[in-house]
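This structure is in structure tokens; I'll ask about it shortly.
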Amino acid sequence: MLDLTQDEWCEQMVADENAVIIDVRTPVEIADGYIPNALHMNIQNAGSFMAKTQELDKSKNFYIYCRIGGRSKQACMIMNSMGFQNTYNLMGGFENWQGEKTT
């Protein structure tokens, strides 16, 4: 897991052909908007989160965010313990996101 600033996260993600964006916020939070093309995997629903995680391709690079960065860091740690090698946490989360948003 690597914590990245917004600029680092965007720069690395745009150049990464194997990038997968994961939003681990709740459905209520997602209703306020999200980063385009993000997979929605609510980490607060542990069973669903784990089931969806097991379906992911471990060879991909995962760019993970939440509202401010705490839950996404937790998601990165869980995924790393499951054998995912490349997880990137967006420090500051969606609350500080300045890039493109979908509502």
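Could you work out the helix-only [θ] at 222 nm for the chain, with each DSSP H run of four or more residues adding -39,500 (n - 2.57) and the total divided by the number of residues, to the nearest 500 deg cm²/dmol? Write down the numbers at each step before the final one.
Values: 4 runs with 34 residues, N = 103.
Value at 222 nm, helices only: -9000 deg cm²/dmol.
Still on this structure: Between Gln44 and Ser59, what is the label-point separation in nm under the 7 Å Cα-to-beta-carbon projection?
If labels sit at Ser59 and Gln44, their model points lie 3.6 nm apart.
Could I ask something else about it? So, with +1 on the Cβ of K and R and -1 on the Cβ of D and E, and no other charges, what is the size of the charge dipole of region 2-96 about its Cα centre, to the nearest 20 debye?
Working: 7 positive and 12 negative charges, 85 e Å.
So the magnitude is around 400 debye.
Still on this structure, I have one more. Rank the residues Ile22, Ile68 as a footprinting-exposure proxy: fewest other Cβ atoms within 10 Å of their Cβ go first.
Details: Ile22 25, Ile68 15.
Ascending number of Cβ neighbours within 10 Å: Ile68, Ile22.
Taking +1 at the Cβ of each Lys and Arg and -1 at the Cβ of each Asp and Glu, which of Ile21, Met79, Trp97 sits farthest along the dipole of the chain towards its positive end, judged by Cα position relative to the Cα centre?
Farthest towards the positive end: Met79.
Rounded to whole Å and sorted largest first, what semi-axes of the equivalent ellipsoid does the C-alpha gyration tensor of region 2-96 yield via the square root of 5 times each eigenvalue?
Working: eigenvalues 59, 57, 27 Å².
Semi-axes (√(5λ), whole Å): 17, 17, 12.
On the first, second and third principal axes, largest extent first, how far apart are the outermost C-alpha atoms of region 43-94 in Å?
26, 22, 15
Identify all lysines with a Cα-Cα distance to Lys60 below 16 Å; exclude those on the same chain that are fewer than 8 residues away in sequence.
Lys52
Which of Phe84, Phe62, Phe94 comes first, and how do the rest follow, when ranked by fewest Cβ neighbours within 10 Å?
Details: Phe84 20, Phe62 26, Phe94 23.
The fewest-first ordering by Cβ neighbours comes to Phe84, Phe94, Phe62.
Bear in mind that the values in this text are calculations on the coordinates, not laboratory data. Since the structure is predicted, the reported quantities are computational estimates derived from the model, not experimental observations. Here Cβ is always computed from backbone atoms with ideal geometry, including for glycine, and neighbour counts include all displayed protein chains.
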